[in-house]
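See structure below.
The values are calculated or read from the model by the stated rules, or taken from the named source; none is laboratory data. Worth saying up front: this structure is predicted, and the values here are computed from it rather than measured. Every residue, glycine as well, gets a Cβ built from its backbone with ideal geometry; the counts of neighbours run over all protein chains shown.
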Amino acid sequence: MKVRVRSWGVLVAIGLILSIVLSGIAYGALGDRLLSRGSKGPEVIELQKKLVQLGYVVGTVDGKFGAKTETAIRRFQKERGLRVDGLAGTQTVKELKLLTGQSTNSTGKAVGNKNVDTNLLARCVNGEARGEPYLGQVAVAAVILNRIPDPAFPNTIADIIYQPRAFSSVDDGQINLPPSASAMRAAQEAMNGSDPSGGAVFFFAPAKTKNKYIWSRPQIKQIGNHIFAK
């Protein structure tokens, strides 16, 4: 009888140890936990954003770690010489943060890696203004940048672009298309300070938009098929 009690005690102790170990594994990366297939939540959204910033296709940025997110992780790991396991573990997250890391500028605003930000900005321009005149593409990029100091919007390019329902190119997946040469030039020109929009923080296609709020905004000018507004 005593042997059984001791055996049961040993099993309980082992169970507690395993629980602690697994808990440490489950909550150790990108905030509070290791991310893998089936994970959900804001950490997954952040993970997906970082992958998309670097040009990896994850499908919809929805906070659900599915097959496409795992495939993107595996591709990233292979290209960076990491262990290819499809998990967002310590080394993988460290590398993602290094490549998409943020610093703080003199005003205290968070700013991302300029090369990565320019590429993401160009992909948004490509998705939103492909086929528009070059000046209109620069203006679209400028609108995104104009939102950074505005307290009504997030303060990084990635967070502005991936703000829910902010841009149709994110909703329909066109954000994942490789940017055209003109979109890249337009993004770089806007990053260098050019703003053909005249300080706009909104743009819309009048032929396609019935939203009363966007129509109520003070209009600045029209370039191509887009109206730019404050």
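Taking the criterion of being within 24 Å of Thr100 (Cα to Cα), in a helix (DSSP H, G or I) and of a type in the set (Lys, Arg), would at least one residue in the stretch 182-191 satisfy it?
Within the stretch 182-191 (the criterion being within 24 Å of Thr100 (Cα to Cα), in a helix (DSSP H, G or I) and of a type in the set (Lys, Arg)), the answer is yes, since at least one residue qualifies.
Give just the number: which of (1) touching a residue at least 60 places away in the same chain (Cβ under 8 Å); (2) β-branched (Val, Ile, Thr); (3) out of contact with any strand residue (DSSP E or B) (no Cβ under 8 Å at 6 or more places or on another chain) does Ile157 not satisfy?
Unmet for Ile157, out of (1) touching a residue at least 60 places away in the same chain (Cβ under 8 Å); (2) β-branched (Val, Ile, Thr); (3) out of contact with any strand residue (DSSP E or B) (no Cβ under 8 Å at 6 or more places or on another chain): (1).
Looking at Leu47, is it modelled with pLDDT of 90 or more and part of a helix (DSSP H, G or I)?
The answer is yes for Leu47.
Within the stretch 168-178, does at least one residue satisfy the condition of being at pLDDT 90 or above, touching a helix residue (DSSP H, G or I) at 6+ places or on another chain (Cβ under 6 Å) and in a loop (DSSP other than H, G, I, E, B)?
no
Among the residues of the stretch 126-139, which ones are under 18 Å from the mean Cα position of the chain (by Cα) and within 14 Å of Val201 (Cα to Cα)?
none
If I filter the stretch 57-79 down to residues being modelled with pLDDT of 85 or more and charged (D, E, K, R), which single residue comes out as surrounded by the fewest Cβ atoms within 10 Å (Cβ to Cβ)?
In this case the residue turns out to be Lys78.
Residues are listed down the side, and each one gets a yes or a no for (1) over 19 Å from Ile161 (Cβ atoms); (2) surrounded by fewer than 22 Cβ atoms within 10 Å (Cβ to Cβ); (3) touching a strand residue (DSSP E or B) at 6+ places or on another chain (Cβ under 9 Å):
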| site | (1), (2), (3) |
| --- | --- |
| Ser39 | yes, yes, yes |
| Leu47 | no, no, yes |
| Val52 | no, no, no |
| Gly55 | no, yes, no |
| Arg83 | yes, yes, no |
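When you look at Ala190, is it buried (at least 17 other Cβ atoms within 10 Å of the Cβ) and within 26 Å of the chain's Cα centre (by Cα), yes or no?
Yes: the conditions hold for Ala190.
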